[in-house]
Amino acid sequence: MIFDKIEFPLDGPIADVLLVIEWIIVFIYLEFALVFLNRTLKFKKELKSLQEKGYVFLFLGFSLMWIFFIIGDYYMISLDLRYICLNCGYVSLMLGCVIFFYTIEKNKIFLKRYLFTLIFTLDIILFILIIFIDIYSGQLITFTFWIIFLLFFIFYSIELGSIFKSNPILGNYKFQYLKLVLGIIFLIFGFGLTIDFIIDLFGLISRVIGDLLQIGAIIFLFLFFISIPSFLEYDWQKKVENIYIIHKSGLLIYEKSFIGEDDDQYDSSISGKITSLKMMLEHISKKEDISVIEKKGKIIIIQPGHYIYGVLICKVKLNSLQILLNNFIEKIEVIYSKILEKWDGDLKVLRPIDKIVKDYFI
Amino acid sequence: MGNEFKDFHYPFIFIVLIIAYQISAYCFYLYFRYKKEKLKINNISLAFAFLYGFGFTGIVIRSINSYYIDDLLLSNLFIKISHISISIAVILFLLIISQKYYNELIDIRITRIVLFISVMISILIFIINDIALFEILILISLVIGGLYMLFFHILLIQKSTGTIRNRLLSVLIGDIIIIFIVVIGTERHPYLFSSDVQDIITLLSNPLVILGQLIVFYSIYDFPIFLEFNWQENILNLYILDINRLKIIFQHNFIKVNEEELISKQNSKSHNIIFSGGIIGMEKIVSAMTKSKESKIEKIRQGEYLILLNQGENDFNFLTYCILVKKDMVSIRYVLKLIKNEFTKLYGSILQDLKLIEDKESQIFLEFNQIIEDIFKTN
């Protein structure tokens, strides 16, 4: 074992190799963030893009952290400046992660709504307070970050497993898990090998190994994130209770209940109620837009199209449901625009809507 | 060059190489993705894969040699490896674009002459030791090869349409940035620039090359398939037939000549039955004659026109997609397949219930005209 303390800024032949590897790490993280950003912008109407928006920030956070690390470790002469850079790096990563957690939790509830976002925000506040008191202790307390990170991915994997189990069409989830597990293990071990204490023990070679492990981790995580299905595409099914399509003239075109209750009177009167409600809302806001009415335990989403209103009655408010309803209404209007434009009340021609509902909601 | 510049320059050289390999790998991926469509013109992806992969390997080795290698023997070795790599890139590129299916784009005899000259120069560069001659040969190869590839690229843009044209234009912009920076920034030019200017060029060269590479990468990302030139001019009409009901459920006219007459003719019930019934009748007769029920007619020639047919799949095997064309082209068959996929994707939910929308098909499928126009714009 080598017990000589490593001098900063890093210099020498191994440092040159490290510098190249670490810039490559920055670049790969940044590149993957851009890939997800591109996908998010390109497929913004797809549910998966809501989840992928979170990955952009996760990868961006890691990339920024490494830029600060490189500046601190290779270019800062003073030790204080180095620690300021390192701490800025940790904060960048934490901010990236907190936005990632928030984006995921906005559409998916793990135990409690925004649980991890809240814990992580508290962790950031704690971290900032501690580094204000002692600038050198930032690195030591990052272990709290890794615990939360690990916990989040444990819950994430459990939820993902249940999606795979209930949807055999998605294929082999063990292979997906392998990518996630290897990614997380490589990331945590790789990161561990690059901290000052370990480098002092084993020399710069441990940092080289740590960096290489992290490159492997990034690739595994990227492959995992890009191939897994979105929670949002499967998770909402239990949350939707009723769906209605109402022509703007006030006539009910289609209705379906997902909870098994069958109340004809309720159903036949709902189109009139919703049309009146929508007219009132539009009178207030002076424009036609999506309306979300919240009541304890019930959410009503009303999505206007050119000729129809789509209405969802659900248990929770999720962004994904709004997007889903919007896509559904768009599809119906693409197919039936000419019919709905001058609709004569003939319901027979609209009967195939039931199949479209099955494609989207079942 | 100051050490601080050298340190800054050094890691970025490898990032340039990594992006180049990614571009190359992506071009290989595009080649294999579209290989099954048997559109030979897509070999252009392979040409670019070699050009970026080997080309950048050579450029990076040359750059490392210029800035970081002081040993003369090692430097000579680096220069040789660099030339081999760049030569392979150029020769493979020219070899691919000298295939006969590029004749419609460029006179391939000229390409073959340029290829021959490039091979000769590459061999000479490798065997001679005279530095002055060496530099002259490199200059000649740069001028001939570079200008010819630029000319080819511009021709490719001119002949392309829609999204492909825009994407190729962006690739050209990225390439011009890369070539410009590579020429002035890959090596030190003590006779051209002062030390300070050289440092600034060095400092800026890598970020600018990366910018050029990213433009190229972004432009080729999800690049549409290359279809044969002028394929659009050979399509006349598209029909989608419901075999069960002997009915044309959708039609699209690609020519504007006598449009009204054509529409009124096609909308008539008799035209519907004659056309759809005719196709099905022919299918039955041919099946009886050939004693094969599984395979369907793929092509019917009538005088100077052709009807290409494609059968719906699985639950939609009662649909037949017909396209009336002047010339049988692989690209048109590909487009017909694309139209089939898009139609099934958009209307799949209602196609099983066509009886429910009896006589309203023309209104319901009207929106598909826009999708066909989009397919034409993309390709």
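The values are calculated or read from the model by the stated rules, or taken from the named source; none is laboratory data. Quantities reported herein were computed from a predicted structural model and do not represent experimental measurements. Here the Cβ positions follow ideal geometry from the backbone for every residue, glycine too, while neighbour counts run over all protein chains shown. These area figures cover heavy atoms from the full protein model, side chains too; ligands, DNA and RNA do not enter into them. Shrake-Rupley method; radii C 1.70, N 1.55, O 1.52, S 1.80 Å.
For segment B:125-157, the set of residues classified as open to solvent by 40 Å² or more (accessible area, probe 1.4 Å) and not in a helix (DSSP H, G or I) consists of B:Asn129, B:Asp130, listed by residue number.
When B:Leu208, B:Leu214, B:Leu227 are checked against the criterion of being touching a residue at least 24 places away in the same chain (Cβ under 8 Å), away from chain A (no Cβ under 14 Å) and within 17 Å of A:Phe27 (Cβ to Cβ), a single residue qualifies: B:Leu208. Among the residues of segment B:122-139, is there at least one that is within 30 Å of B:Lys377 (Cα to Cα) and in contact with a helix residue (DSSP H, G or I) (Cβ under 6 Å, 6 or more places away or on another chain)? Checking segment B:122-139: not a single residue is within 30 Å of B:Lys377 (Cα to Cα) and in contact with a helix residue (DSSP H, G or I) (Cβ under 6 Å, 6 or more places away or on another chain). Quick check: is even one residue across segment B:97-113 open to solvent by less than 30 Å² (accessible area, probe 1.4 Å) and over 30 Å from B:Arg333 (Cα atoms)? Checking segment B:97-113: not a single residue is open to solvent by less than 30 Å² (accessible area, probe 1.4 Å) and over 30 Å from B:Arg333 (Cα atoms).
The condition of being open to solvent by less than 20 Å² (accessible area, probe 1.4 Å) and over 21 Å from A:Ile218 (Cα atoms) holds for only one of A:Gly190, A:Gly171, A:Gly161, A:Gly183, that being A:Gly161. Within segment A:322-347, can you find the residues that are free of Cβ contacts under 8 Å to residues at least 24 places away in the same chain, facing chain B (nearest Cβ under 10 Å) and surrounded by fewer than 21 Cβ atoms within 10 Å (Cβ to Cβ)? Those that are free of Cβ contacts under 8 Å to residues at least 24 places away in the same chain, facing chain B (nearest Cβ under 10 Å) and surrounded by fewer than 21 Cβ atoms within 10 Å (Cβ to Cβ): A:Val334, A:Lys338, A:Ile339, A:Lys342, A:Asp346.
In segment A:202-239, what residues are over 19 Å from the mean Cα position of the chain (by Cα), modelled with pLDDT of 85 or more and open to solvent by 30 Å² or more (accessible area, probe 1.4 Å)? Those that are over 19 Å from the mean Cα position of the chain (by Cα), modelled with pLDDT of 85 or more and open to solvent by 30 Å² or more (accessible area, probe 1.4 Å): A:Phe202, A:Ile205, A:Ile209, A:Leu212, A:Leu213, A:Ile215.
Per the conditions (1) within 13 Å of chain B (Cβ to nearest Cβ); (2) buried (at least 18 other Cβ atoms within 10 Å of the Cβ); (3) among the β-branched types (Val, Ile, Thr), the sole criterion not satisfied by A:Val17 is (2). Of the set (1) more than 14 Å from chain B (Cβ to nearest Cβ); (2) modelled with pLDDT of 85 or more, all apply to A:Leu350 but (1). Is it the case that segment B:51-61 has a residue that's surrounded by fewer than 17 Cβ atoms within 10 Å (Cβ to Cβ) and either at pLDDT 90 or above or of a type in the set (A, V, I, L, M, F, W, C) (or both)? No.
In segment B:26-45, the condition of being in contact with a helix residue (DSSP H, G or I) (Cβ under 8 Å, 6 or more places away or on another chain), away from every other protein chain (no Cβ under 14 Å), hydroxyl-bearing (Ser, Thr, Tyr) and surrounded by fewer than 18 Cβ atoms within 10 Å (Cβ to Cβ) is met by at least one residue.
Would you call A:Asp359 within 14 Å of another protein chain (Cβ to nearest Cβ), at pLDDT below 85 and part of a loop (DSSP other than H, G, I, E, B)? Judged against the criteria, A:Asp359 is not a match. Can we say A:Glu282 is open to solvent by less than 70 Å² (accessible area, probe 1.4 Å) and at pLDDT 85 or above? No. Could you say whether any residue in segment B:167-174 is among the small types (Gly, Ala, Ser) and under 22 Å from B:Leu208 (Cβ atoms)? Yes: one or more hits.
Within segment B:229-247, if we keep just the residues that are modelled with pLDDT of 85 or more and of a type in the set (A, V, I, L, M), the residue that is surrounded by the fewest Cβ atoms within 10 Å (Cβ to Cβ) turns out to be B:Leu236.
Please verify whether segment B:158-167 includes one or more residues that are away from chain A (no Cβ under 14 Å), open to solvent by 20 Å² or more (accessible area, probe 1.4 Å), touching a residue at least 60 places away in the same chain (Cβ under 8 Å) and of a type in the set (S, T, N, Q). Within segment B:158-167 (the criterion being away from chain A (no Cβ under 14 Å), open to solvent by 20 Å² or more (accessible area, probe 1.4 Å), touching a residue at least 60 places away in the same chain (Cβ under 8 Å) and of a type in the set (S, T, N, Q)), the answer is yes, since at least one residue qualifies. Screening B:Ile339 against (1) touching a residue at least 60 places away in the same chain (Cβ under 8 Å); (2) in contact with a strand residue (DSSP E or B) (Cβ under 6 Å, 6 or more places away or on another chain) leaves a single unmet condition, (2).
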